Amino acid sequence: MDEAARLLARCCPQQRHTGIVHGDFRLGNVITRADGTLAAVLDWELCALGDVLADLGYLLNSWVEPGDPEPTGYVTAPPTAAG
């Protein structure tokens, strides 16, 4: 854990864009229209000010590619498991 903390601190990019960060931005917290476009983002109780790219990172945490193991629960097969 200490090594992971050191690595993350050393490689942390500078914050460039500050805005409202959802904090739990994932496909389970959005409503889409029939054509697949975004209609609404739900579940804002975790929102805060921060780097807006944090939401993109959180969304990518649950990204699944064809052939990846089927998740059996909440983020039990992260993208890094594919490698």
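The values are calculated or read from the model by the stated rules, or taken from the named source; none is laboratory data. The structure presented is a predicted model; accordingly, all values stated were derived computationally and were not measured. Cβ sites come from the backbone with ideal geometry, for glycine too, and all protein chains shown count toward neighbours.
Could you figure out which of (1) touching a strand residue (DSSP E or B) at 6+ places or on another chain (Cβ under 8 Å); (2) outside any loop (DSSP other than H, G, I, E, B); (3) not β-branched (Val, Ile, Thr) isn't true of PHE25?
Result: PHE25 fails condition (2) only.
Which members of the range 1-38 meet the condition of being surrounded by 10 or more Cβ atoms within 10 Å (Cβ to Cβ), at pLDDT 90 or above and of a type in the set (Gly, Ala, Ser)?
GLY19, the sole residue that qualifies.
Can you give me the number of residues within the range 1-22 that are in a loop (DSSP other than H, G, I, E, B) and over 19 Å from VAL52 (Cα atoms)?
Total meeting the criteria: 1.
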